[in-house]
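K.L.:
Have a look at this one.
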Amino acid sequence: MDYANILVEVQGRVGLIRLNRPKALNALNDDLMNELGQALLNFDADDAIGCIVLTGSEKAFAAGADITLMANYSYMDAYKGDYITRNWETIRRIRKPVIAAVAGYALGGGCELAMMCDFIIAADNAKFGQPEIKLGIIPGAGGTQRLPRAVSKAKAMDLCLTARMMDAAEAERAGLVSRIVAADKLLDEAMDAATVIAGMSLPIVMMVKESVNRAYETTLSEGVQFERRQFHATFATEDQKEGMRAFLEKRPPNFTHK
Ligand code: CAA
(Lines give C-alpha, C1' and ligand atoms only; values in the text may rest on other atoms or scores of the structure.)
Protein backbone atom coordinates (compact mmCIF):
# COMPACT_ATOMS: atom_id res chain seq x y z
CA MET A 1 0.00 0.00 0.00
CA ASP A 2 1.26 3.51 -0.86
CA TYR A 3 1.40 6.10 1.88
CA ALA A 4 2.26 9.81 1.54
CA ASN A 5 3.05 10.64 5.18
CA ILE A 6 4.56 7.48 6.64
CA LEU A 7 7.11 4.86 5.56
CA VAL A 8 6.30 1.24 6.29
CA GLU A 9 8.56 -1.79 6.17
CA VAL A 10 8.86 -5.28 7.60
CA GLN A 11 12.03 -6.72 9.14
CA GLY A 12 11.63 -10.34 10.19
CA ARG A 13 8.49 -10.49 12.36
CA VAL A 14 8.65 -6.75 13.17
CA GLY A 15 6.56 -4.10 11.43
CA LEU A 16 8.29 -0.71 11.32
CA ILE A 17 6.38 2.55 10.78
CA ARG A 18 8.25 5.86 10.34
CA LEU A 19 6.38 9.15 10.52
CA ASN A 20 7.53 11.05 7.45
CA ARG A 21 6.61 14.75 7.18
CA PRO A 22 10.16 16.04 7.70
CA LYS A 23 9.45 19.63 6.62
CA ALA A 24 6.81 19.99 9.35
CA LEU A 25 8.76 18.00 11.98
CA ASN A 26 6.20 15.21 11.58
CA ALA A 27 3.30 17.43 12.66
CA LEU A 28 0.27 15.19 12.91
CA ASN A 29 -2.58 15.94 10.54
CA ASP A 30 -5.63 13.84 9.66
CA ASP A 31 -4.01 12.32 6.56
CA LEU A 32 -0.99 11.17 8.53
CA MET A 33 -3.10 9.81 11.37
CA ASN A 34 -5.39 7.97 8.92
CA GLU A 35 -2.39 6.36 7.27
CA LEU A 36 -0.85 5.50 10.63
CA GLY A 37 -4.12 3.92 11.76
CA GLN A 38 -4.36 1.88 8.58
CA ALA A 39 -0.75 0.70 8.79
CA LEU A 40 -1.22 -0.31 12.43
CA LEU A 41 -4.42 -2.23 11.65
CA ASN A 42 -2.69 -3.99 8.74
CA PHE A 43 0.21 -5.12 10.92
CA ASP A 44 -2.20 -6.17 13.68
CA ALA A 45 -4.07 -8.41 11.23
CA ASP A 46 -0.90 -9.90 9.73
CA ASP A 47 0.06 -13.28 11.26
CA ALA A 48 3.66 -12.76 10.13
CA ILE A 49 4.05 -9.73 12.44
CA GLY A 50 4.64 -10.11 16.19
CA CYS A 51 5.55 -6.57 17.24
CA ILE A 52 5.40 -3.03 15.83
CA VAL A 53 7.89 -0.15 16.13
CA LEU A 54 6.77 3.45 15.60
CA THR A 55 9.43 6.09 15.06
CA GLY A 56 10.06 9.51 13.53
CA SER A 57 13.27 11.20 12.43
CA GLU A 58 16.40 12.04 14.37
CA LYS A 59 15.13 15.63 14.81
CA ALA A 60 11.52 14.90 15.67
CA PHE A 61 9.34 11.98 16.64
CA ALA A 62 6.48 14.45 16.14
CA ALA A 63 6.18 18.15 17.04
CA GLY A 64 2.48 17.82 17.81
CA ALA A 65 -0.84 18.18 16.06
CA ASP A 66 -0.67 20.32 12.94
CA ILE A 67 -1.04 23.94 14.10
CA THR A 68 -1.54 25.30 10.56
CA LEU A 69 -4.73 23.26 10.36
CA MET A 70 -6.03 24.17 13.81
CA ALA A 71 -5.28 27.88 13.65
CA ASN A 72 -8.64 28.83 12.13
CA TYR A 73 -10.87 26.19 13.68
CA SER A 74 -14.13 27.21 15.24
CA TYR A 75 -15.60 25.44 18.23
CA MET A 76 -17.93 23.57 15.83
CA ASP A 77 -14.99 22.42 13.69
CA ALA A 78 -13.35 21.05 16.79
CA TYR A 79 -16.46 19.61 18.44
CA LYS A 80 -18.70 18.45 15.59
CA GLY A 81 -15.94 17.55 13.16
CA ASP A 82 -13.81 16.18 15.99
CA TYR A 83 -10.88 17.09 13.76
CA ILE A 84 -7.36 16.49 14.98
CA THR A 85 -8.25 13.88 17.57
CA ARG A 86 -11.04 11.81 15.97
CA ASN A 87 -8.73 9.30 14.31
CA TRP A 88 -6.14 9.10 17.08
CA GLU A 89 -7.69 6.25 18.99
CA THR A 90 -6.99 3.54 16.40
CA ILE A 91 -3.69 2.79 18.10
CA ARG A 92 -5.59 1.76 21.24
CA ARG A 93 -7.30 -1.03 19.26
CA ILE A 94 -3.97 -2.64 18.36
CA ARG A 95 -3.49 -5.91 20.26
CA LYS A 96 0.16 -6.47 19.40
CA PRO A 97 2.79 -4.43 21.27
CA VAL A 98 3.73 -1.07 19.77
CA ILE A 99 7.11 0.37 20.81
CA ALA A 100 7.71 4.11 20.36
CA ALA A 101 11.33 4.86 19.38
CA VAL A 102 11.60 8.57 20.14
CA ALA A 103 14.41 10.87 19.00
CA GLY A 104 14.21 14.65 19.05
CA TYR A 105 10.96 16.44 19.76
CA ALA A 106 7.92 14.59 21.11
CA LEU A 107 5.69 17.55 21.86
CA GLY A 108 1.96 17.96 22.33
CA GLY A 109 0.26 15.32 20.22
CA GLY A 110 3.71 13.82 19.57
CA CYS A 111 4.19 13.17 23.28
CA GLU A 112 0.61 11.93 23.50
CA LEU A 113 1.13 9.55 20.57
CA ALA A 114 4.30 8.18 22.17
CA MET A 115 2.40 7.65 25.43
CA MET A 116 -0.32 5.69 23.57
CA CYS A 117 2.35 3.16 22.60
CA ASP A 118 3.13 0.31 24.98
CA PHE A 119 6.54 1.61 25.96
CA ILE A 120 8.96 4.30 24.89
CA ILE A 121 12.64 3.88 24.10
CA ALA A 122 14.26 7.31 23.94
CA ALA A 123 17.32 8.60 22.16
CA ASP A 124 19.60 10.74 24.33
CA ASN A 125 18.45 13.81 22.34
CA ALA A 126 14.74 13.21 22.98
CA LYS A 127 12.65 16.05 24.37
CA PHE A 128 9.14 15.55 25.73
CA GLY A 129 6.57 18.21 26.49
CA GLN A 130 2.96 19.35 26.43
CA PRO A 131 3.34 22.96 25.27
CA GLU A 132 -0.30 23.41 24.18
CA ILE A 133 -0.88 26.06 26.85
CA LYS A 134 1.37 28.42 24.87
CA LEU A 135 -1.08 28.10 21.96
CA GLY A 136 -4.08 28.91 24.12
CA ILE A 137 -5.35 25.31 24.17
CA ILE A 138 -4.94 22.28 26.42
CA PRO A 139 -3.66 18.82 25.41
CA GLY A 140 -6.37 17.07 23.40
CA ALA A 141 -5.17 13.49 22.91
CA GLY A 142 -4.71 12.25 26.45
CA GLY A 143 -1.79 14.38 27.66
CA THR A 144 -3.50 15.51 30.88
CA GLN A 145 -4.54 11.90 31.59
CA ARG A 146 -1.64 9.68 30.53
CA LEU A 147 1.17 11.99 31.66
CA PRO A 148 0.18 12.03 35.37
CA ARG A 149 -0.21 8.25 35.26
CA ALA A 150 3.29 7.96 33.76
CA VAL A 151 5.26 10.62 35.65
CA SER A 152 3.22 11.73 38.70
CA LYS A 153 0.81 14.60 39.15
CA ALA A 154 3.54 17.06 40.14
CA LYS A 155 5.62 16.63 37.00
CA ALA A 156 2.57 16.44 34.72
CA MET A 157 1.26 19.71 36.17
CA ASP A 158 4.69 21.28 35.79
CA LEU A 159 4.99 20.24 32.12
CA CYS A 160 1.40 21.07 31.11
CA LEU A 161 1.31 24.41 32.95
CA THR A 162 4.77 25.79 32.11
CA ALA A 163 5.11 24.22 28.63
CA ARG A 164 8.74 23.40 29.41
CA MET A 165 10.43 20.45 27.75
CA MET A 166 11.80 17.45 29.64
CA ASP A 167 14.99 15.83 28.33
CA ALA A 168 15.53 12.08 28.00
CA ALA A 169 17.36 11.71 31.34
CA GLU A 170 14.54 13.44 33.24
CA ALA A 171 11.95 11.39 31.33
CA GLU A 172 13.69 8.17 32.30
CA ARG A 173 13.99 9.21 35.96
CA ALA A 174 10.28 10.08 35.93
CA GLY A 175 9.30 6.72 34.45
CA LEU A 176 8.04 7.97 31.09
CA VAL A 177 10.63 6.04 29.08
CA SER A 178 11.90 2.53 29.64
CA ARG A 179 15.47 3.10 28.41
CA ILE A 180 17.74 5.71 26.82
CA VAL A 181 20.21 4.97 24.04
CA ALA A 182 22.56 7.01 21.86
CA ALA A 183 20.60 8.64 19.03
CA ASP A 184 22.45 6.68 16.33
CA LYS A 185 21.59 3.39 18.08
CA LEU A 186 17.91 4.15 18.69
CA LEU A 187 16.36 2.23 15.84
CA ASP A 188 18.67 -0.78 16.32
CA GLU A 189 17.79 -0.93 20.02
CA ALA A 190 14.05 -0.63 19.35
CA MET A 191 14.16 -3.22 16.55
CA ASP A 192 16.17 -5.59 18.78
CA ALA A 193 13.61 -5.24 21.58
CA ALA A 194 10.79 -5.77 19.08
CA THR A 195 12.53 -8.83 17.64
CA VAL A 196 12.82 -10.36 21.11
CA ILE A 197 9.10 -9.75 21.71
CA ALA A 198 8.15 -11.03 18.24
CA GLY A 199 10.01 -14.26 19.04
CA MET A 200 7.76 -14.93 22.04
CA SER A 201 4.38 -16.61 21.76
CA LEU A 202 2.04 -14.06 20.17
CA PRO A 203 -1.09 -15.00 22.17
CA ILE A 204 0.94 -14.81 25.39
CA VAL A 205 2.39 -11.45 24.35
CA MET A 206 -1.13 -10.18 23.74
CA MET A 207 -2.25 -11.43 27.15
CA VAL A 208 0.64 -9.60 28.82
CA LYS A 209 -0.29 -6.36 27.03
CA GLU A 210 -3.95 -6.73 27.92
CA SER A 211 -3.16 -7.51 31.56
CA VAL A 212 -0.70 -4.65 32.09
CA ASN A 213 -3.14 -2.22 30.46
CA ARG A 214 -5.88 -3.48 32.78
CA ALA A 215 -3.85 -2.07 35.69
CA TYR A 216 -4.76 1.42 34.44
CA GLU A 217 -8.47 0.78 34.11
CA THR A 218 -9.51 -1.04 37.26
CA THR A 219 -8.96 -1.74 40.95
CA LEU A 220 -6.08 -3.88 42.17
CA SER A 221 -8.28 -6.82 43.19
CA GLU A 222 -10.15 -6.76 39.84
CA GLY A 223 -6.85 -6.50 38.00
CA VAL A 224 -5.31 -9.38 39.89
CA GLN A 225 -8.41 -11.48 39.20
CA PHE A 226 -8.18 -10.58 35.49
CA GLU A 227 -4.50 -11.54 35.45
CA ARG A 228 -5.27 -14.86 37.17
CA ARG A 229 -7.84 -15.79 34.52
CA GLN A 230 -5.37 -14.90 31.76
CA PHE A 231 -2.69 -16.94 33.54
CA HIS A 232 -5.05 -19.92 33.64
CA ALA A 233 -5.78 -19.43 29.94
CA THR A 234 -2.08 -19.67 29.03
CA PHE A 235 -2.34 -23.40 29.82
CA ALA A 236 -4.68 -23.80 26.85
CA THR A 237 -1.95 -22.74 24.43
CA GLU A 238 0.48 -24.94 22.50
CA ASP A 239 3.21 -22.46 23.31
CA GLN A 240 2.92 -23.06 27.07
CA LYS A 241 3.63 -26.76 26.45
CA GLU A 242 6.56 -25.87 24.19
CA GLY A 243 7.97 -23.20 26.55
CA MET A 244 8.01 -25.47 29.57
CA ARG A 245 9.19 -28.52 27.61
CA ALA A 246 12.06 -26.45 26.19
CA PHE A 247 13.08 -25.32 29.67
CA LEU A 248 13.12 -28.89 30.96
CA GLU A 249 15.06 -30.08 27.89
CA LYS A 250 17.53 -27.18 28.33
CA ARG A 251 16.98 -25.74 24.83
CA PRO A 252 15.47 -22.50 23.48
CA PRO A 253 11.71 -22.62 22.89
CA ASN A 254 10.36 -22.78 19.36
CA PHE A 255 7.02 -21.04 19.64
CA THR A 256 4.32 -21.58 17.02
CA HIS A 257 2.41 -18.50 18.21
CA LYS A 258 -0.66 -20.65 18.91
N1 CAA B 1 2.32 22.01 13.41
C2 CAA B 1 2.60 22.50 12.18
N3 CAA B 1 3.85 22.81 11.79
C4 CAA B 1 4.84 22.62 12.67
C5 CAA B 1 4.62 22.14 13.97
C6 CAA B 1 3.28 21.82 14.33
N7 CAA B 1 2.97 21.29 15.54
N8 CAA B 1 5.82 22.09 14.62
C9 CAA B 1 6.74 22.53 13.74
N10 CAA B 1 6.17 22.85 12.57
C11 CAA B 1 6.81 23.38 11.37
C12 CAA B 1 7.23 24.84 11.54
O13 CAA B 1 6.14 25.70 11.32
C14 CAA B 1 8.31 24.96 10.50
O15 CAA B 1 7.71 25.09 9.24
P16 CAA B 1 8.30 26.15 8.17
O17 CAA B 1 9.70 25.67 7.89
O18 CAA B 1 7.39 26.03 6.99
O19 CAA B 1 8.29 27.48 8.83
C20 CAA B 1 8.97 23.58 10.53
O21 CAA B 1 8.05 22.69 11.15
C22 CAA B 1 10.25 23.57 11.38
O23 CAA B 1 9.91 24.09 12.65
P24 CAA B 1 10.77 25.28 13.35
O25 CAA B 1 11.34 26.18 12.33
O26 CAA B 1 9.89 25.88 14.39
O27 CAA B 1 11.95 24.39 14.00
P28 CAA B 1 12.78 24.73 15.31
O29 CAA B 1 13.88 23.71 15.35
O30 CAA B 1 13.15 26.16 15.38
O31 CAA B 1 11.76 24.44 16.55
C32 CAA B 1 10.07 23.18 17.74
C33 CAA B 1 11.28 23.16 16.76
C34 CAA B 1 10.56 23.63 19.13
C35 CAA B 1 9.51 21.77 17.82
C36 CAA B 1 9.01 24.18 17.22
O37 CAA B 1 8.74 23.87 15.84
C38 CAA B 1 7.70 24.13 17.96
O39 CAA B 1 7.60 24.68 19.04
N40 CAA B 1 6.67 23.47 17.36
C41 CAA B 1 5.34 23.45 17.92
C42 CAA B 1 5.24 22.50 19.11
C43 CAA B 1 3.83 22.53 19.69
O44 CAA B 1 3.35 23.54 20.14
N45 CAA B 1 3.17 21.35 19.69
C46 CAA B 1 1.80 21.21 20.19
C47 CAA B 1 0.82 21.29 19.06
S48 CAA B 1 -0.88 21.31 19.62
C49 CAA B 1 -1.27 19.70 19.91
O50 CAA B 1 -0.48 18.81 19.75
C51 CAA B 1 -2.69 19.47 20.38
C52 CAA B 1 -3.00 18.09 20.90
O53 CAA B 1 -2.77 17.81 22.04
C54 CAA B 1 -3.64 17.11 20.04
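The values are calculated or read from the model by the stated rules, or taken from the named source; none is laboratory data. If you're wondering where the values come from, they're calculated on a predicted model, not measured in any experiment. Glycine also receives a Cβ, built like all others from the backbone with ideal geometry; neighbour counts cover every protein chain displayed. Quick note on the areas: whole protein, heavy atoms, side chains included, nothing else; ligands and nucleic acids left out. Shrake-Rupley method; radii C 1.70, N 1.55, O 1.52, S 1.80 Å.
K.L.:
How many lysine pairs in segment 55-155, separated by 8 or more positions in sequence or lying on different chains, have Cα atoms less than 22 Å apart? Mind dumping the intermediate values first?
P.N.:
Working: 59/127; 59/134; 127/153; 127/155; 134/153; 134/155.
Summing the qualifying lysine pairs gives 6.
K.L.:
Considering only the other residues whose Cβ falls under 9 Å of the Cβ of residue 214, what net charge follows from Lys and Arg at +1 and Asp and Glu at -1? Write out the running numbers ahead of the final one.
P.N.:
Details: positive: none; negative: 210, 217, 222, 227.
Net charge in that neighbourhood comes out at -4.
K.L.:
Further, regarding this structure: For residue 65, list long-range residues whose amide hydrogen, built 1.01 Å from N in the peptide plane, is under 5 Å from its own amide hydrogen.
P.N.:
28, 109, 110
K.L.:
Taking amide hydrogens as modeled 1.01 Å from N in the peptide plane, which residues meet the under 5 Å criterion relative to residue 88, leaving out close sequence neighbours?
P.N.:
Residues meeting the amide H criterion: none.
K.L.:
Further question: Which order do 134, 96, 258 take when ranked by solvent-accessible area (1.4 Å probe, heavy atoms of all protein chains), largest first? Numbers along the way, then the final one.
P.N.:
Working: 134 160, 96 5, 258 130 Å².
Ranked list, largest accessible area first: 134, 258, 96.
K.L.:
Sticking with this structure for a sec: Quick check for me: using +1 on Lys/Arg Cβ and -1 on Asp/Glu Cβ, what's the dipole size of the chain about its Cα centre, in debye to the nearest 20?
P.N.:
Values: 30 positive and 33 negative charges, 122 e Å.
Roughly 580 debye for the chain.
K.L.:
Right, here's the next one. Between residue 74 and residue 10, what is the label-to-label distance in nm when each label sits 7 Å out along the Cα-to-Cβ direction?
P.N.:
4.7 nm
K.L.:
Sticking with this one: Keeping every protein chain present and rolling a 1.4 Å probe, give me the accessible area per residue for segment 6-198 in Å².
P.N.:
Numbers: 8770 Å² over 193 residues.
That works out to 45 Å² per residue.
K.L.:
Can you divide the C-alpha Rg of segment 91-223 by 2.2 N^0.38 Å and report the result to two decimal places?
P.N.:
On the way: Rg = 15.2 Å, N = 133, 2.2 N^0.38 = 14.1 Å.
This ratio for segment 91-223 stands at 1.08.
K.L.:
Kirkwood Rh over Cα pairs of segment 201-249 into Stokes-Einstein at 4 °C, 1.567 mPa s: D in µm²/s?
P.N.:
Using the Kirkwood radius from Cα pairs, D works out to 112 µm²/s.
K.L.:
Continuing with this model, one more query. Could the peptides 27-34, 78-85 be put in order, highest first, of the mean number of other beta-carbon atoms found within 10 Å of their residues?
P.N.:
Numbers: 27-34: 20.6, 78-85: 14.4.
Averaged packing, sorted descending, gives the order 27-34, 78-85.
K.L.:
Let me ask another. Ignoring everything but the protein chains, give the 1.4 Å probe accessible area of residue 208 in square angstrom, nearest 10.
P.N.:
Rounded to the nearest 10, the figure is 80 Å².
K.L.:
Shifting gears a bit: Can you check how the C-alpha radius of gyration of the chain compares to 2.2 N^0.38 Å, as a plain ratio? The partial results should precede the final answer.
P.N.:
Details: Rg = 19.0 Å, N = 258, 2.2 N^0.38 = 18.1 Å.
For the chain, the normalised Cα radius of gyration is 1.05.
K.L.:
Identify which of 245, 149, 92 has the largest mean-square fluctuation in a Gaussian network model of the chain, with springs joining Cα atoms closer than 10 Å.
P.N.:
245
K.L.:
Another question, if that's okay. Using only Cα atoms and rounding to the nearest 10 degrees, what angle (0 to 90) does helix 153-162 make with the longest principal axis of the chain?
P.N.:
30 degrees
K.L.:
Now, a different point. If you stretched the chain out fully between residue 235 and residue 133, how much longer would it get, using 0.36 nm times the residue separation minus the C-alpha to C-alpha distance?
P.N.:
On the way: separation 102, 0.36 × 102 = 36.72 nm, distance 4.96 nm.
Net length gain for the segment: 31.8 nm.
K.L.:
Here's a follow-up. Leaving ligands, DNA and RNA out of it, report the carbon-plus-sulfur percent of the accessible area of the chain at a 1.4 Å probe. Provide the component values of the computation, followed by the final result.
P.N.:
Values: 7510 of 13610 Å².
So the carbon and sulfur contribution to the accessible surface is 55 percent.
K.L.:
What share of all Cα pairs of segment 1-124, in percent, falls into each consecutive 5 Å distance bin?
P.N.:
Percent of pairs per bin, in order: 2, 12, 22, 25, 20, 12, 6, 2, 1, 0.
K.L.:
If you average the sequence gap of Cα pairs under 8 Å that are 6 or more apart and divide by the length of the chain, what percent do you get for the contact order? Don't skip to the answer; put the middle values down first.
P.N.:
Working: 468 pairs, mean separation 41.7, N = 258.
The value is 16 percent.
K.L.:
Residue 152: accessible area at probe 1.4 Å, nearest 10 Å²?
P.N.:
60 Å²
K.L.:
Separate question: For the charge dipole of segment 210-258, defined by +1 on Lys and Arg C-beta atoms and -1 on Asp and Glu C-beta atoms about the Cα centroid, which residue among 252, 237, 218 has the Cα displaced farthest towards the positive pole?
P.N.:
Farthest along the dipole direction, towards plus: 252.
K.L.:
Could you compute the FRET efficiency for residue 246 and residue 206, with r as their C-beta to C-beta distance and R0 at 30 Å, rounded to 0.05? Provide the component values of the computation, followed by the final result.
P.N.:
Values: r = 20 Å, r/R0 = 0.68.
Once rounded, the FRET efficiency stands at 0.90.
K.L.:
Please turn the phi angles of segment 206-220 into ³J(HN,Hα) values with the Karplus equation 6.51 cos²θ - 1.76 cosθ + 1.60 (θ = phi - 60°), one per residue in order, whole Hz, x for glycine and proline.
P.N.:
Couplings: 5, 5, 4, 4, 4, 5, 4, 4, 4, 4, 8, 10, 8, 6, 4 Hz.
K.L.:
I've got another one for you. Of 216, 105, which has the most accessible area and how do the rest follow, probe 1.4 Å?
P.N.:
Details: 216 125, 105 70 Å².
The most accessible residue leads, giving 216, 105.
K.L.:
Measure nothing fancy, just the Cα-based angle from helix 186-199's long axis to the longest principal axis of the chain, in degrees from 0 to 90, nearest 10.
P.N.:
Helix 186-199 and the main axis of the chain meet at about 40 degrees.
K.L.:
If you average the C-alpha positions of segment 73-135 and of segment 1-70 separately, how far apart do those two centres end up, in angstrom?
P.N.:
Measuring centre to centre over Cα atoms gives 12 Å.
K.L.:
Mind checking the full-extension length gain between residue 218 and residue 46? Use 0.36 nm per residue of separation minus the Cα-Cα distance, one decimal, nm. Provide the component values of the computation, followed by the final result.
P.N.:
Numbers: separation 172, 0.36 × 172 = 61.92 nm, distance 3.02 nm.
Extra length from residue 218 to residue 46 when fully extended: 58.9 nm.
K.L.:
Might you tell me the accessible area per residue for segment 201-249, computed with a 1.4 Å probe and given in Å²?
P.N.:
Values: 3400 Å² over 49 residues.
Dividing the accessible area of segment 201-249 by its residue count gives 69 Å².
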